[in-house]
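Everything on this sheet refers to the single structure shown next.
What follows draws every value from the coordinates through simple rules; no lab data is involved. Please read all numbers here as calculations on a predicted model, not as lab measurements. Because the Cβ atoms are built from the backbone with ideal geometry, glycine has one as well, and the counts that use them run over all protein chains shown.
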Amino acid sequence: MISEIKYPLYLQAYASGRLDKAIEEGYRLLESCAICPRKCRVNRLKDQKGYCKIGLNARVYSFTPHHGEEPPISGKNGSGAIFFSGCNLSCVYCQNYQFSQAENGRELQPEELGDIMLGLQNKHCHNINLVTPTHVMPQILKALSAAIKKGLNIPLVYNTSGYELPRIVKLLKGIADIYLVDMRYFDNDKAVKYSNAPDYPEYNQGAVKEMHRQVGIAKFDPDGIIRSGVIIRHLVLPGGVSGTKGIAGFIAREVSPDTYISLMSQYLPCYKADQLKEISRRISLKEYEAAKEALQKFGLNNGWIQEEYGLEAMAGIHIRPAKV
Ligand code: SF4
C-alpha cells in the first residue's frame, strides 16, 4: 500500500527549499571535488577534471525510453534513461567503456539536461533513470530544479555503481525516490583489481544502508511500477569474484531480508577483461545456481533472477543463465 507520502519526493524538497540547499552544498563540494570517495580535490567549478574526467558541466552520451531494466522500472512505457559520460569506477569489464572511460557524449548546461528529463516524461516514461549519476550529482540536481519549474513530476531513479560517500547519499534524502544500486564486490582486493576502487565494499555498504534508511523496501503502484525504495543489483562474476555469499549475508543482516535484489547473469568479458584469464569468460550455470542458493540461504526471496530472455520474479522460477 502506498502511504500518504507524496511521490515524487523531490516536489516537496523543491517546495521546502531543501532541493536548493542540496544544490548549493553539491556545487560547494565541486570547488575542491569531494563528490565521491576518490576526493580528487580538483576545482571543477573552473572546469578542472579529476578521475571521472568530467569538469563543470555534465556530459550525456544518450537518453531514451529504456525497456531492458527490471520489470517495475521499465514497465510498459519504458524507463526514461539518461546515460552520463564519465565514471568514478574503472571496471576492466565495463560494457559502456566508450562513454564511461572515454570522453564521448555531449556537454550540457543544466537547463538542457532538464529539458531532456521533460522530453522523457512527454514520451510517457514511468520515471527518470539517472544512469551513473554520482560524479555529476550537483549538476543533475540543478537540472532537476529547472525541470520541476516546467512540470516534471515522475519519480527519480538514482542508478549507481554504488561507489558513494554516505554523506553524498544523505544529500539526496527526500529527492531520490528509488535507488537502483550495484553491490559489485565484497572483498576489497577484488574491488581494487577489477575496478580500481579502494575501499569499495566499505563505501558501498555504508551507502546502501543510508539508501535503505531513506526509502526502505520497494513499494509499487497498482500496475506493479515501483514508486519508491531500494533495488540492489548484483552482477555475478566468474570465479566467485563478486563475493555473492558475503553480500547476501550483509543484506540480510544489515539492511533487510525483504530487500529487492536483481541477480544478474549477463556478464560479458568486455573492454580489458580478456587480459585477465579468470574473468575472460561468461559465468556458468553452476556459478549462477550457487549465487541463487546464497541468496536463499540468507532468506532473500524478493527480486528478480535472470533467465535466458529476461528477468523473472524470484520465487520458484527455472533459472537459465547464459551457457559457458
Ligand atoms: S566526482 Fe570525479 S573529480 Fe570528483 S572526486 Fe569523484 S572522481 Fe574525483
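Among all residues of region 258-268, there is at least one that is within 20 Å of the chain's Cα centre (by Cα), among the small types (Gly, Ala, Ser) and crowded, with 16+ Cβ neighbours inside 10 Å. Residue check: is Ser79 surrounded by fewer than 23 Cβ atoms within 10 Å (Cβ to Cβ) and more than 11 Å from the ligand (Cβ to nearest atom)? No, not satisfied. Only residues that are charged (D, E, K, R) and more than 6 Å from the ligand (Cβ to nearest atom) were counted across region 32-43, and they come to 1.
Scanning region 160-178 for residues that are farther than 11 Å from Ile35 by Cα, free of Cβ contacts under 8 Å to residues at least 60 places away in the same chain and either out of contact with any Asp or Glu (no Cβ under 7 Å at 6 or more places or on another chain) or not in a loop (DSSP other than H, G, I, E, B) (or both) turns up Thr160, Lys170, Lys173. So which residues in region 203-258 are of a type in the set (Gly, Ala, Ser) and more than 17 Å from Glu69 (Cα to Cα), if there are any at all? Within region 203-258, Gly206, Ala207, Gly216, Gly239, Gly240, Ser242, Gly243, Gly246, Ala248, Gly249, Ala252, Ser256 meet the criteria. When you scan region 48-62, do you find a residue that is on the phi > 0 side of the Ramachandran plot and without any contact (Cβ under 8 Å) to a residue 60 or more places away in the chain, even just one? There is at least one residue in region 48-62 that is on the phi > 0 side of the Ramachandran plot and without any contact (Cβ under 8 Å) to a residue 60 or more places away in the chain.
Taking into account only those residues within region 49-76 that are closer than 13 Å to Leu113 by Cβ and among the aromatic types (Phe, Trp, Tyr), which is nearest to the ligand (Cβ to nearest atom)? Filtering region 49-76 for residues that are closer than 13 Å to Leu113 by Cβ and among the aromatic types (Phe, Trp, Tyr), the one nearest to the ligand (Cβ to nearest atom) comes out as Tyr61. Number of residues in region 29-42 that are crowded, with 16+ Cβ neighbours inside 10 Å and either touching a residue at least 24 places away in the same chain (Cβ under 8 Å) or more than 21 Å from the chain's Cα centre (by Cα) (or both) equals 9.
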